[in-house]
Each structure stands twice: as structure tokens, then as C-alpha cells.
Amino acid sequence: MSAAAKAEAGPSSDAKIVEAYLTASMIPDPDAAAAYMAPGTVITFTGGREFDHPRGPTAFNAKRYRWVKKKMDRFDVCPGDGETVVYSVGTLYGEWMDGSAFEGNRYVDRFVVRNGQITKMDVWNDSAERILVQRGIDA
């Protein structure tokens, strides 16, 4: 990374990196999304599934949804020593595999950003709960 790029790096630009990653992943274009990730990044997806490339979550989502997008409500930025933690908070909307529409499905994504690249991502959402309700299994 050039000295000029490092001078521009910081919490605000780290949130923009996360937003750009999420935008690419919603196309879905996992290879474009991967450009924002450092080598060796671990993506821990819902249910504890681990992936080393955005293709993993894209393939998983293709089994759960006909299509899905994120309404990114806010980014919470937590600067630290040498890294920034960025939370993306919002809701999912789209279509289940049976063709029924959904919206308002809460999600939280947690990213660690170092030197302008995502080094870790954790994903949580309410999809599993909604699927249980859809199947009449509401505990």
C-alpha cells in the first residue's frame, strides 16, 4: 500500500471498504468481493460454517434463497490498534426457494479491517428462525 493510501486509510474508509464488499457480494460477484479481502481471510457464516472465499457464502445462499439482498441501515465503526472493527447492521429481503417474498430479516455482519483489507468476517441473521416459522416449527 502506498504512503498516500495509508494516509487516507482509517475508520471512515474502512466502512467504505466493507460497504463495497457487501455491494459486490449482493450482485452476486464473489470474485469482485474477494478483491476487498486479504489472503487467508476467514468468513464465518451462519451456523458456524467457515469459508475462505466469498464464493462459499454465495453458493450457500443459492441453496437457501432464489435471491437475497441487504438493506444496509448503518455501519458501526470501532477503531482499534492497527485494525478497525466494522459492523454492518440491517435487514435482508428477497425470495425464498418456494418463490415467497420476505423482508425485514435482521442481520449483523462483523468485519475486521487491517491496512485497507478485510481480514475476518462473521455473519449472523434470522433466516433459520424464519424458515422454522415458515414450516410451522415455532418454539
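Looking at Glu103, Glu83 in this structure, which one is surrounded by fewer than 18 Cβ atoms within 10 Å (Cβ to Cβ), without any contact (Cβ under 8 Å) to a residue 40 or more places away in the chain and closer than 20 Å to Ala34 by Cβ?
Glu83
Table: residues versus (1) touching a Leu at 6+ places or on another chain (Cβ under 8 Å); (2) part of a strand (DSSP E or B); (3) under 15 Å from Asp122 (Cβ atoms).
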{"residue": "Pro57", "(1), (2), (3)": "no, no, yes"}
{"residue": "Phe60", "(1), (2), (3)": "no, no, yes"}
{"residue": "Lys71", "(1), (2), (3)": "yes, yes, no"}
{"residue": "Arg74", "(1), (2), (3)": "no, yes, no"}
{"residue": "Val86", "(1), (2), (3)": "no, yes, yes"}
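Looking only at the stretch 107-130, filter to residues that are free of Cβ contacts under 8 Å to residues at least 40 places away in the same chain and of a type in the set (A, V, I, L, M); which one of those is surrounded by the most Cβ atoms within 10 Å (Cβ to Cβ)?
So, considering only residues that are free of Cβ contacts under 8 Å to residues at least 40 places away in the same chain and of a type in the set (A, V, I, L, M), the one surrounded by the most Cβ atoms within 10 Å (Cβ to Cβ) is Val112.
Please tell me if Asp73 is over 20 Å from Val42 (Cα atoms) and without any contact (Cβ under 8 Å) to a residue 12 or more places away in the chain. Give the steps one after another, and end with the answer.
On the way: over 20 Å from Val42 (Cα atoms): yes; without any contact (Cβ under 8 Å) to a residue 12 or more places away in the chain: no.
So Asp73 does not fit the description; no.
How many residues are free of Cβ contacts under 8 Å to residues at least 60 places away in the same chain, out of contact with any strand residue (DSSP E or B) (no Cβ under 8 Å at 6 or more places or on another chain) and surrounded by fewer than 12 Cβ atoms within 10 Å (Cβ to Cβ) when one looks only at the stretch 41-57?
The qualifying residues number 1.
In the stretch 41-53, what count of residues is obtained for those that are farther than 22 Å from Glu19 by Cβ and assigned to a strand (DSSP E or B)?
Final tally of qualifying residues: 2.
For the condition over 14 Å from the mean Cα position of the chain (by Cα), modelled with pLDDT of 95 or more and closer than 28 Å to Ser13 by Cβ, what is the one hit in Val86, Val42, Val123, Val77?
Being over 14 Å from the mean Cα position of the chain (by Cα), modelled with pLDDT of 95 or more and closer than 28 Å to Ser13 by Cβ holds for just one of Val86, Val42, Val123, Val77, which is Val77.
Determine whether the stretch 118-125 contains at least one residue that is within 20 Å of Ile17 (Cα to Cα), among the basic types (Lys, Arg) and assigned to a strand (DSSP E or B).
There is at least one residue in the stretch 118-125 that is within 20 Å of Ile17 (Cα to Cα), among the basic types (Lys, Arg) and assigned to a strand (DSSP E or B).
If a residue must be small (Gly, Ala, Ser), surrounded by 13 or more Cβ atoms within 10 Å (Cβ to Cβ) and in a strand (DSSP E or B), how many such residues does the stretch 24-40 contain?
Residues meeting the conditions: 1.
The values are calculated or read from the model by the stated rules, or taken from the named source; none is laboratory data. This one's a predicted model, so the numbers in the text were calculated from it and none came from an experiment. Don't worry about glycine lacking a Cβ; one is built from the backbone with ideal geometry, like all the others, and counts go over all protein chains shown.
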